[in-house]
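A short worksheet on the structure shown next.
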Amino acid sequence: MAVDYTLLKDFPCFGDLNEAEQKAIAEFSTAECFPEGYTFFREGEAAQKIYLLANGEVEVLFSIGDEGPVRVDTLGPGEILGCAALVPPHKYTATMRALGEVEVLAVDVPALLKLMQDDCPVGFAIQQYAMRLMLDRILDFRLGARVAE
């Protein structure tokens, strides 16, 4: 069932879109709750949803060598999970797991990609946000690695 479009205003990735654009995205979005330990997706899986984290915390895990999944970050409310889903080859680049009870808005990726293709200004705005977010996370990760050395 679609969510109230006003909920999207709380998330930077959709907050700057106009009311009609937010309503369009709300049509293929759902509010969902998950328990501690729930795995949203695994690194390498085909992306079907992105998640807007409303409440709770999620750990970001990367497979590093023979060590297996290693926690590299923790995300909190307002963050987007799975933004790599918006970029070809539309696969998740990390594993995300709930650290406690979590509330999210789940957005259907195929529907969002279609909207982005059909409405170029919306697509451009969302792509710009996703690229900026991924670059920020890469920089944060690199800076964190330097501090740990």
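Any read-out appearing in this document is the output of simple, stated calculations on the displayed coordinates, not a laboratory observation. If you're wondering where the values come from, they're calculated on a predicted model, not measured in any experiment. All Cβ positions, even for glycine, are placed from backbone atoms using ideal geometry, and neighbour counts span all protein chains on display.
Relative to the present Cα-Cα distance, how much length would full extension add between residue 31 and residue 9 at 0.36 nm per residue of separation?
Numbers: separation 22, 0.36 × 22 = 7.92 nm, distance 1.43 nm.
So the chain would gain 6.5 nm between residue 31 and residue 9.
Between residue 67 and residue 117, the FRET efficiency estimated from the beta carbon spacing at R0 = 35 angstrom works out to 0.35.
What number comes out for the charge environment of residue 94, summing +1 per Lys or Arg and -1 per Asp or Glu over other residues with Cβ under 14 Å away? Around residue 94, the charge tally is -1. The relative contact order of segment 5-139 comes to 31 percent, based on Cα pairs under 8 Å that sit 6 or more residues apart.
Rounded to the nearest 500, the 222 nm mean residue ellipticity of the chain from helices alone is -11000 deg cm²/dmol, with -39,500 (n - 2.57) taken per DSSP H run of at least 4 residues.
Among the GluC sites (Glu not before Pro) in segment 57-139, which ones are in a DSSP loop with at most 15 other Cβ atoms within 10 Å of the Cβ? Mind listing them?
Those that pass, being in a loop and sparsely packed, are 101.
Remark: spin-label model distance residue 59-residue 42 equals 1.7 nm, labels positioned 7 Å along the Cα→Cβ axis.
Between the amide H of residue 91 and those of 47, distances stay under 5 Å, these residues lying 5 or more places away or on another chain, with hydrogens modeled in the peptide plane.
Annotation: for a label point projected 7 angstrom from Cα along Cα→Cβ of residue 134, residues of segment 39-57 with backbone N closer than 19 Å are 41-53.
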